[in-house]
Amino acid sequence: MGDATEDRAKAAQLPEGDVIRVLLEQHARIRELFADVKSATGEHKQQAFDELRALLAVHETAEEMVLRPVSKDVAGEGVADARNTEEKEANKVLAQLEDMDCGSVEFDSLLASFETSVSMHAEQEVKQEFPAILTGCDADKRQDMGKRIKMAEKIAPTHPHPSTAGSTTAQWMVGPFASLVDRTKDALTRSGGD
């Protein structure tokens, strides 16, 4: 995944709305949020983690719903399945982190190993998946995929759901309903109703 600056530079070489540009910009934001969570304390650390958790949840869900079916065709089933398996494992760890006290040493330790896994996963997307999408899909298709990624993120869950992670079919069947529950939970938490 390089670093946030590198991800943004690669993204800037692509047209606005291109699916790969959208995903690279999100990779950059994810890197920044990991750094923010690691350096923060108290309430700010919890807020930064909540933002990271939500971004990872919607990002991975949208990839599974929109990117992976196309990746299967242009990069191969093995590449798409490997990325989905990595996302399923990441979803389990994200759920563990969500249940932990973000001020604990255990949280920091698990977060560090999780960051490494997320970074390795993103690197595989950049090396194996993104080039195949860029060469196997014309600009119009990539624009359409960018729009569909953004739409999928609007209906994607904001919390990890390991039972649906890694499955495009499960994401389409369960994701929108889980999203309603998650977004209601988020609103109640923000309003102090938890």
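Quick grid of which residues meet (1) in a loop (DSSP other than H, G, I, E, B); (2) loosely packed, with under 14 Cβ neighbours inside 10 Å:
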{"site": "Glu86", "(1), (2)": "no, no"}
{"site": "Cys102", "(1), (2)": "yes, no"}
{"site": "Ser109", "(1), (2)": "no, yes"}
{"site": "Phe114", "(1), (2)": "no, no"}
{"site": "Ser119", "(1), (2)": "no, no"}
{"site": "Leu134", "(1), (2)": "no, no"}
{"site": "Asp144", "(1), (2)": "no, no"}
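Taken residue by residue, the range 138-161 has at least one member that is in contact with a Gly (Cβ under 7 Å, 6 or more places away or on another chain) and β-branched (Val, Ile, Thr). For the range 29-85, the set of residues classified as within 19 Å of Ile149 (Cα to Cα) and of a type in the set (Asp, Glu) consists of Glu51, Glu60, Glu63, Glu64, Asp73, Asp81, listed by residue number. Contact map, the range 127-139: first residue over 14 Å from Val22 (Cβ atoms), second residue of a type in the set (S, T, N, Q), Cβ cut-off under 8 Å, separation 6 or more or different chains; pairs are Ala132/Ser71.
Test Val22 against the stated conditions and say whether it is part of a helix (DSSP H, G or I), modelled with pLDDT of 95 or more and touching a Gly at 6+ places or on another chain (Cβ under 6 Å). Against the criterion (part of a helix (DSSP H, G or I), modelled with pLDDT of 95 or more and touching a Gly at 6+ places or on another chain (Cβ under 6 Å)), Val22 qualifies.
Out of the residues in the range 32-49 that are touching a residue at least 40 places away in the same chain (Cβ under 8 Å) and outside any loop (DSSP other than H, G, I, E, B), state the one that is nearest to Leu97 (Cα to Cα).
Taking the range 32-49 and keeping what is touching a residue at least 40 places away in the same chain (Cβ under 8 Å), we get 34, 37-38, 41-42, 45-46, 49.
If we keep only those that are outside any loop (DSSP other than H, G, I, E, B) as well, we get 34, 37-38, 42, 45-46, 49.
Values: Phe34: 13, Val37: 12, Lys38: 13, Gly42: 16, Lys45: 13, Gln46: 11, Phe49: 9 Å.
My answer is Phe49.
The values are calculated or read from the model by the stated rules, or taken from the named source; none is laboratory data. Computed from a prediction, not measured in an experiment: that's the story for all the values here. Heads up, the Cβs are rebuilt from the backbone with ideal geometry, glycines too, and the neighbour counts pull from every protein chain shown.
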